[in-house]
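The values are calculated or read from the model by the stated rules, or taken from the named source; none is laboratory data. A quick note: this is a predicted structure, and the numbers were derived from the prediction, not measured. In this analysis, Cβ positions are derived from the backbone assuming ideal geometry, glycine residues included, and neighbour counts consider all displayed protein chains. Please note that ligands, DNA and RNA were not included when accessible areas were found on the heavy atoms of the full protein model with its side chains. Shrake-Rupley method; radii C 1.70, N 1.55, O 1.52, S 1.80 Å.
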Amino acid sequence: MTREDAATIFERIALLLELKGENTFKVRAYRTGAEIVESFSGDIMQMAAENQLAGIKGLGEALRDKLHEMATTGKLEFYEKLKAEFPDTLFDLFDVPGLGPKKVAALHIELGVSSIADLKRACESGEAAKLSGFGGKTVEKILDGIAFREQHAAEFRQDQVHALAQEILEALRQHPHVSHAEVCGSFRRGKETVHDLDFLVSTKHPEEVIDSFVQLPIVVDVIAKGPTKASVHATHGVQCDLRAVSRKEFPFALVYFTGSKEHNVVIRQRALARGWSLNEYAFTPVPDHADAPVIPPVHDEAELYRALDLDFIDPELRENKGEIEAAEHGGLPHLVQLENLRGVFHNHTTASDGGATLREMAHAAHELGLQYLGIADHSKSSFQANGLNEQRLLAQIEEIQALNEEMKEEGFRIFTGSEVDILKDGSLDFSDEIMSRLDYVVASVHNVFNLPEAEMTKRIIRAIENPNVTMLGHLTGRLLLQRPAYNVNIAAVIDAAAETGTIIELNASAWRLDMDWRWWKLAKEKGVKCSINPDAHSTHGLQAVIYGIKAARKGWLTRKDIINCLPLGQIEEALRAKRAR
DNA sequence: GCCGTTTTCGGCCCGACTGTTTTCAGTCG
């Protein structure tokens with residue numbers, strides 16, 4: 001059992017206890033437990049198995065025992081019994097915005113609602129609206145929520161499929177008959193969500209490779225299986241497809257299955273213009289095309305593009321959004337790579353809602369090979385996140401200064417910052433006097449999401465007009481597959497950022513990836529700088545930069561567009577630039 | 001269920017917003 005599984009079980013226990021009307025503090029204890037398990041620095045499951053969990057704040061005797069049971073037996077008796085009292089599909093109801101434990105309980109007990117389908121029926125029949133505490137607006141909101149959910153059915157965020165993709169790829173590459181293996185599709189293109197994983201191998205023995213693919217331990221059930229192709233459901237219900245081709249076909253299949261469809265259409269048209277037809281296996285001469293040039297040999301993707309007089313196009317750019325035109329005349333950007341990052345901003349510690357201490361975060365960042373770490377804990381208005389007031393912030397600054405002294409010899413630096421709430425009217429949660437004492441400020445919206453677009457836009461622009469606001473956090477507040485972006489005029493905010501010299505964050509959390517990749521090309525053209533921010537709430541959370549890098553690449557960004565590619569010695573000036581204007 | 005301790009049980013994080021109410025419960029961050 002992995003830590004994620006254990007955390008999920010604690011989370012579900014919390015939900016079920018809430019449903020049963022248990023003491024809210026007991027519920028909270030399980031929820032806190034889930035967070036601790038999720039973000040603990042160290043192998044918590046191994047420690048649980050060895051009864052080495054004593055002394056961790058928030059994990060008392062009861063939760064320690066339960067963790068031990070899960071780590072050693074792979075299940076939890078307490079949870080199994082609790083779970084048996086309710087249908088499995090009931091959990092889905094909590095994903096609908098506006099539905100919490102009380103409303104779910106009422107729906108379940110009074111109307112026998114157990115699934116999304118039941119819920120939809122109860123809303124449409126008018127039954128739900130009759131329940132105490134329910135009304136027309138509530139039902140409307142629920143139906144909207146169901147529709148949003150259906151739109152995103154069977155989609156997954158990158159954090160949900162990343163490890164799985166790597167695991168399958170590794171298994172395929174280790175197969176003795178596989179010469180090349182790649183993940184294709186939207187995963188390879190770095191999309192923020194994917195609906196399946198497409199794998200491609202080159203082999204002389206396709207049937208043997210397919211056979212071993214459908215027998216991988218992560219396979220839950222086999223949907224289809226033929227001599228060169230198979231589809232399976234893997235862990236968490238992710239559909240995984242495998243195609244096997246020959247070595248010669250591989251580059252063609254790789255382009256074909258990487259897509260996007262729109263990109264491929266243009267590529268095929270381009271081939272046709274030369275008198276060649278292009279499919280997933282080869283270029284073939286079009287009959288009766290008199291002056292078709294000779295088809296050159298193609299051993300890899302770069303040669304395929306070259307054959308069409310194009311520079312190699314990175315998979316992330318293959319969306320038919322100008323990449324083909326740019327590839328014609330050497331206009332493609334040299335995309336940023338993970339290795340270019342020198343530090344990270346916007347990280348939390350135990351001072352607010354993070355799971356790791358300042359020291360743990362600093363050492364983890366140093367260990368990752370970074371030169372600096374920016375701390376930006378929540379400000380006082382974010383009560384739910386234990387936001388810092390002025391006094392606690394000043395104390396943290398001192399703590400950081402002391403730790404900086406200690407780590408100076410290692411060439412590592414911590415920058416003092418804060419994630420300051422943008423209040424409803426666009427004013428900020430800290431005074432200019434306090435903010436000016438920080439190395440940098442991230443300003444973010446954390447409440448009142450439902451303003452009309454004009455008002456929200458005005459609110460955000462007012463905030464970034466403050467010279468102390470170094471960068472703007474998660475511009476739209478979206479949570480992928482869960483909550484849509486709030487209404488805001490992104491183009492207007494980009495303009496204001498350009499005008500005021502404000503950096504815009506690319507929040508790298510797999511839940512956010514906000515600002516969206518589709519806007520970065522425009523931002524870059526306007527001269528707005530990007531900061532790839534992991535928004536880490538634990539040492540593990542720092543790893544989110546891998547998702548941020550993908551999104552940045554998808555947004556045509558190079559290391560020159562991203563301030564945290566600047567090394568120590570240059571980054572300081574970049575942080576000061578706006579105040580100096 | 002956890003914590004801290006005044007070692008045996010009381011307190012635990014706060015506020016805005018929404019929609020349904022007629023003074024507030026539920027949800028969310």
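General observations
- Scattering from segment A:252-328 was approximated by placing one identical point on each alpha carbon and applying the Debye formula without solvent; log10 I(q)/I(0) at 0.20, 0.26, 0.27 1/Å stands at -0.82, -1.38, -1.47.
- Relative frequency of Cα-Cα separations exceeding 23 Å in segment A:113-253, percent: 48 percent
- Cross-link table A:LYS120/A:LYS191; A:LYS75/A:LYS191; A:LYS424/A:LYS529; A:LYS424/A:LYS578; A:LYS137/A:LYS321, entries beyond 28 Å C-alpha to C-alpha: A:LYS120/A:LYS191; A:LYS75/A:LYS191; A:LYS137/A:LYS321
- Chain A: projected area of the alpha-carbon convex hull, averaged over directions, in nm²: 30.8 nm²
- Helical mean residue ellipticity (222 nm; -39500 (n - 2.57) per DSSP H run of 4+; nearest 500) of chain A: -12500 deg cm²/dmol
- Separation of alpha-carbon centers, segment A:401-459 and segment A:182-205, rounded to whole Å: 39 Å
- Once the Cα gyration tensor of segment A:3-151 is diagonalised, semi-axes √(5λ) in Å: 35, 14, 13
- For A:LYS81, a cut-off of 17 angstrom between C-alpha atoms picks up these lysines, skipping any fewer than 8 places away in its own chain: A:LYS20, A:LYS66.
- Protection proxy ranking of A:411-421, A:319-329, by the mean of other Cβ atoms within 10 Å over each peptide's residues and highest first, is A:411-421, A:319-329.
- Residue-by-residue Karplus 3J(HN,Hα) for segment A:66-81, coefficients 6.51, -1.76, 1.60, Hz, glycine and proline x: 5, 5, 4, 4, 5, 5, 9, 10, x, 8, 9, 4, 3, 5, 4, 5
- Protein heavy-atom surface of segment A:3-151, 1.4 angstrom probe: 49% of the accessible area is carbon and sulfur, with nucleic acids and ligands not counted.
- Whole-Hz Karplus values for segment A:303-318 come out as 5, 5, 5, 4, 4, 9, 6, 10, 5, 4, 10, 4, x, 4, 8, 7 Hz, taken residue by residue from phi with 6.51 cos²θ - 1.76 cosθ + 1.60 and θ = phi - 60°; glycine and proline positions read x.
- The listed peptides A:25-31, A:508-514, A:352-358, ordered by packing as a protection proxy, come out as A:508-514, A:352-358, A:25-31 (highest mean of other Cβ atoms within 10 Å first).
- Chain A - share of DSSP beta bridges that are antiparallel (%, nearest 5): 40 percent
- Too-long pairs where the Cα-Cα distance tops 25 Å, listed order kept, from A:LYS57/A:LYS380; A:LYS26/A:LYS130; A:LYS408/A:LYS524; A:LYS408/A:LYS526; A:LYS380/A:LYS526: A:LYS26/A:LYS130; A:LYS408/A:LYS524; A:LYS408/A:LYS526; A:LYS380/A:LYS526
- Cα convex hull of segment A:133-197 - mean projected area over all directions, nm²: 6.0 nm²
- Remark on A:SER379: its backbone amide H falls under 5 Å from those of A:LEU388, A:GLU419, A:ASP421, a criterion applied only to residues 5 or more positions apart or on other chains, H modelled at 1.01 Å from N.
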